[in-house]
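To keep things clear, I will list the structure first and then write my remarks on it.
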Amino acid sequence: MSTPAKGLRGSQTQAQTRLLLSLWDLQGLNQAVKRSDLNKRLVRSKEKAKDYQPIVDQLEKDGAIKVTTKNRSVSLSLTPQGLELLKSGLQDPDFKFSGSIIGTKFPNALLKWVRSIGDLHPDSPQQTKKVSKLKTYGDFKKAILSTYDQLNQGYNLKDLVPIYRIRREIQDTVDRLQFNEWLIKMQEDDIFQLMSGEVAEMTPDKKADSLTLPGGAFRFYAKRL
């Protein structure tokens with residue numbers, strides 16, 4: 001997918017990498033991003049949003065992104081496969097920002113990516129064996145409560161456990177979006193209170209691994225009720 005496509009500036013491969021980078025920068029790994037918001041970041045002069053539709057279709061088919069439609073509003077989210085594809089795209093020596101004048105949005109997103117590389121999952125233990133996937137809400141609830149107690153007691157967190165640390169402990173057992181949905185349900189079931197609070201040493205990857213509620217509110221801590 002390296003040849004130029006009608007309407008696109010540059011190759012489809014480069015457009016694909018820019019799309020994935022934009023989606024990642026908009027927190028697409030942690031939440032669904034409206035297609036309209038992505039278009040504002042992605043579509044350049046003399047291009048149209050529909051020029052990117054074949055790329056979106058192929059990425060969805062390949063499992064790199066997840067596309068959802070609600071009330072005619074289309075949203076996209078980045079999957080772990082998409083994150084790996086983005087890594088490969090950025091490492092491609094042929095990838096570049098075309099044009100004589102480059103705005104700040106893509107270079108800034110790329111700079112943000114580079115800064116996050118060295119601290120992707122510093123608090124996660126190395127996984128040495130394959131673990132089973134959590135298939136039900138009940139299984140998820142048991143795993144979360146056990147993980148919460150281990151972190152809270154082991155690190156003396158005083159009942160305020162960072163959500164990003166919980167996510168990273170069980171990241172191989174549950175899909176990111178499913179984690180978000182079930183964690184919010186645990187708050188609805190009065191098991192957890194999800195809180196914002198002051199965050200020290202916040203980094204882009206820690207924010208991405210925390211939680212953004214459907215209304216847009218940011219939550220960093222979980223407190224067991």
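Looking only at the range 138-153, decide whether some residue is among the hydrophobic types (A, V, I, L, M, F, W, C), farther than 23 Å from Thr79 by Cα and outside the structural domain of Asp37 (by TED's automatic domain parsing).
Going residue by residue through the range 138-153, those that are among the hydrophobic types (A, V, I, L, M, F, W, C) are 140, 143-145, 151.
Right, trim to farther than 23 Å from Thr79 by Cα and you get 145, 151.
Applying the additional criterion that residues be outside the structural domain of Asp37 (by TED's automatic domain parsing) yields 145, 151.
Checked the range 138-153: at least one residue is among the hydrophobic types (A, V, I, L, M, F, W, C), farther than 23 Å from Thr79 by Cα and outside the structural domain of Asp37 (by TED's automatic domain parsing).
Quick check: is even one residue across the range 156-166 crowded, with 19+ Cβ neighbours inside 10 Å and in contact with an Asp or Glu (Cβ under 6 Å, 6 or more places away or on another chain)? Walk me through how you get there before you give the answer.
Our first condition is that a residue be crowded, with 19+ Cβ neighbours inside 10 Å; within the range 156-166, this holds for 161-166.
Then drop every residue that is not in contact with an Asp or Glu (Cβ under 6 Å, 6 or more places away or on another chain), which leaves 164-165.
Yes, the range 156-166 contains at least one residue that is crowded, with 19+ Cβ neighbours inside 10 Å and in contact with an Asp or Glu (Cβ under 6 Å, 6 or more places away or on another chain).
Do you know which of the residues in the range 146-155 that are surrounded by 15 or more Cβ atoms within 10 Å (Cβ to Cβ) and among the polar types (S, T, N, Q) is nearest to the chain's Cα centre (by Cα)?
Thr147
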Take the residues in the range 127-161 that are touching a residue at least 60 places away in the same chain (Cβ under 8 Å) and not in a helix (DSSP H, G or I), then tell me which one is farthest from Gly63 (Cα to Cα).
Asp159
Scanning the range 36-55 for residues that are modelled with pLDDT of 90 or more and crowded, with 20+ Cβ neighbours inside 10 Å, which turns out nearest to Ala208 (Cα to Cα)?
Leu38
Qualifying residue in the range 122-145 (condition: surrounded by 16 or more Cβ atoms within 10 Å (Cβ to Cβ), closer than 30 Å to Val67 by Cβ, modelled with pLDDT under 90 and within 16 Å of the chain's Cα centre (by Cα)):
no
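The values are calculated or read from the model by the stated rules, or taken from the named source; none is laboratory data. Computed from a predicted model, the values in this text were never measured in an experiment. Glycine also receives a Cβ, built like all others from the backbone with ideal geometry; neighbour counts cover every protein chain displayed.
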